[in-house]
Each structure stands twice: as structure tokens, then as C-alpha cells.
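Asker: Right, I'll just put the structure down here and ask away after.
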Amino acid sequence: MKEKTIVKRKIFISLVNYKAVDLTINCIESICNSLQSCNVFVSVNIYCCDVSEDESKTFKETNLRLHKLGFKALCGDEFMYQKNGRSVFFNHHRKPNLGFGYGNNRNFEKIKAEASENDIIWILNNDTLIGVHSLSEIEAAFKLDDSVIYGCTLIKESTGKIQCLGGTNEITWRSQGSLIAENEAIESVLDSYSDINGYVNGASMLMTYDTLSQVKGFDESYFMWCEEVDFCLRAKSLNILFKNICKAHIVHRVGGSSEGNNIKYFLGRSSDRNTLPRFIIRYYYNYRNRIYLIRKFFPNKLIFSLMYLASDAVTKSVGVMLYDDKKLMRLFLLLKAFNDGVRNKLGKTIEPQDYNE
């Protein structure tokens, strides 16, 4: 990558919180700690959209925990943390739960008033902990090349192994690719940067404000699942490249496909099965949104994709009949996914948490 001279940058972090105060506070604390080890940035601006919809309980608890962490109230729901000449500004605002893309887009609207085109925008999951040297590595990457969208090395908290080197290896109408270097040891990664040929994982995605303005934020039609794939396909259409900052380590505390699973048995055979809320996310929103994604970006493959997805859903249905409880509800959700996808019924149509078991 070619080195270039630029003006000093600010960094803006976009978080979305949904009833996860502990995760959000721990994420913020890790940002504060990383800033203390960074010799370049002297301040970080965090914008957090709270979509918890619990009569402000989560919102108020987060603000209280910020005080315990050392943040001082400024005005309204703005806070400031200062230590050793470095500061973290925190803006906290409430919105309805309309999804990952919606929450981040509301943050972008607020960031727009403060950011210049060269400033760094960091879309970060609140269930992450950033490594102490991550901010320094991020600054170095943008100094070399600020025209690309960057991912970070995501590490599974449960195993200490790599979740992915920034994202996946491909995007096609049939597949969103495999996670790059999944389950490999951190020590096996020797490069400073690596290419991402698929999409950048939405748990940690970085770009300049100018790049964000070109891509124009997230499509809110998805509600959840596939938003970052859509974002990256639009970026690819603008010839924007994706790279991973290998030495920027981010511990991903939740994000695993088995989160919220149960072991079920049939005739002595076991299977790792999704709870109903997780089933809604992994199958209803996945199938519905993939139909929308293919119609949007691969329209000439729509018929083939429907056949392919239907075949996959039939296979899933066999597992439902053998292992799962609430079989009729799950089969109904699979049918609804295809019906809603074909009819373009998008947005928040089902709230997974309403189906807690």
C-alpha cells in the first residue's frame, strides 16, 4: 500500500446497544484502555444508539455505569472521560429497535455534523473488546491507504482462536463465503495486512467518512442479517477494496453461530439445535433477506437462488421434524421467510425476543 501524507484525523465509533449494558460498558472500557496506549489519537468520539425499548431502563443503567467508569456528564446524554491528557466523548441516544442498520444510520446522522471527509468511522459491535494496540494499528493502516474499507482480526472469546481475518473469502449469488482463517491460531498470522475478497464482518468495519458518504450507509430493509453484505456489495460496485488490519485484535464476546443453542437427541443421535429466537434470526431473517439481497444484486439468478434456498430449507425441515420442539411454528417460519422474501415484505416483521423459551 502506498504511503500518503494527510491531516490529523479524528476517529468516530458507532455502537448499537440492545439490552446489553455489561457488554456495552466493557466495550467502552476497552476503548478507553486502548486510547491510553495510543501515541497518535488523543481523543475518541463514541456514538451509541440504544434500541432496547424497555422504558429507558437499559438507557439509564448505561448512563449510571458510565459515571462509575469515570465519565463526567456534560449536557443531556453526553459524557466525557479524561485521563493522562486523553479523552473519550460519549453521545448516548434512544431510538426504536429497528435493527443493526437503522441504529448505525442514526449514529451516522449525528457524526455527520462533526466529521470531516478524512476522519475515521468505526462500526463496532458492542459485544467486542478491542486490543490495547488496536487504535495504533488502525491509525497506521489509514496512514498507508485510506481509500479502502478495513476489517480487524476478530478473536473468539470462548476459544482464543481466530473468528476471521476481517471477513469472508468471497460473495456470490449462492454463497457469502467462508470466514477467513477461522479457528486458526493468532500466532499463525504474520502479515500486517491481508485482502478480504468477500465482505467485511460488521462486528468491526472501518472507513473514512468520505468512503461512508459514497456507499451511503446501511439498507434498513433487512432489520438483521445481511446488512454488511449489502453494504460491501455496494462498495464493490464503486471499486472500493477491502483489507484486514491483521494486528488490530478484537475479541468478539458473543458472535458465534452456536450462541443460544441446545443439544437435542433422536434415537440416540445428538444435534446442536437453535432455540426458537435464534432460529428466527438464523433461518427466517437469513432466508428472507438472502432473497432480497439476490433480487437486488443478482437479479438474473433469482429463480436459481429460490430453487437452491428451497432445497436447503427442505433439509433444515428434516432436522426440525427429528430434533426440535415447536415443530409447526418452525416450519411455519421457514414458509413465511420465503413468502415474505418473494413478496418483498421487509423490515422488522418478527421480534425474536418475543419467542423466548
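The values are calculated or read from the model by the stated rules, or taken from the named source; none is laboratory data. Worth saying up front: this structure is predicted, and the values here are computed from it rather than measured. Here the Cβ positions follow ideal geometry from the backbone for every residue, glycine too, while neighbour counts run over all protein chains shown.
Asker: For segment 21-140, please list each of the strands (runs of 3 or more DSSP E) lying entirely inside it that holds at least 3 residues being touching a Cys at 6+ places or on another chain (Cβ under 9 Å).
Answerer: Where strands (runs of 3 or more DSSP E) fall fully within segment 21-140 and carry at least 3 residues being touching a Cys at 6+ places or on another chain (Cβ under 9 Å), they are 86-94, 128-130.
Asker: Only one residue in Ser43, Ser34 is within 26 Å of Lys143 (Cβ to Cβ), polar (S, T, N, Q), touching a strand residue (DSSP E or B) at 6+ places or on another chain (Cβ under 7 Å) and crowded, with 20+ Cβ neighbours inside 10 Å. Which one?
Answerer: Ser34
One line per residue, one yes/no per condition, for (1) part of a helix (DSSP H, G or I); (2) modelled with pLDDT of 90 or more; (3) in contact with a His (Cβ under 8 Å, 6 or more places away or on another chain):
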residue: Ile303; (1), (2), (3): yes, yes, no
residue: Leu306; (1), (2), (3): yes, yes, no
residue: Ser311; (1), (2), (3): yes, yes, no
residue: Val320; (1), (2), (3): yes, no, no
residue: Leu331; (1), (2), (3): yes, yes, no
residue: Lys336; (1), (2), (3): yes, yes, no
residue: Asn339; (1), (2), (3): yes, yes, no
residue: Lys345; (1), (2), (3): no, yes, no
residue: Lys348; (1), (2), (3): no, yes, no
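Asker: Within the bounds of segment 95-102, is there any residue that is surrounded by fewer than 21 Cβ atoms within 10 Å (Cβ to Cβ) and farther than 30 Å from Arg295 by Cα?
Answerer: no
Asker: Okay, moving on. So, in segment 180-214, of the ones that are surrounded by fewer than 22 Cβ atoms within 10 Å (Cβ to Cβ) and of a type in the set (Phe, Trp, Tyr), which residue ends up nearest to Tyr150 (Cα to Cα)?
Answerer: Once the filter is applied, the top-ranked residue is Tyr193.
Asker: Oh, and also: If the requirement is being surrounded by fewer than 22 Cβ atoms within 10 Å (Cβ to Cβ), without any contact (Cβ under 8 Å) to a residue 60 or more places away in the chain and in the same structural domain as Cys27 (by TED's automatic domain parsing), which of these qualifies: Gly217, Gly177?
Answerer: The conditions single out Gly177.
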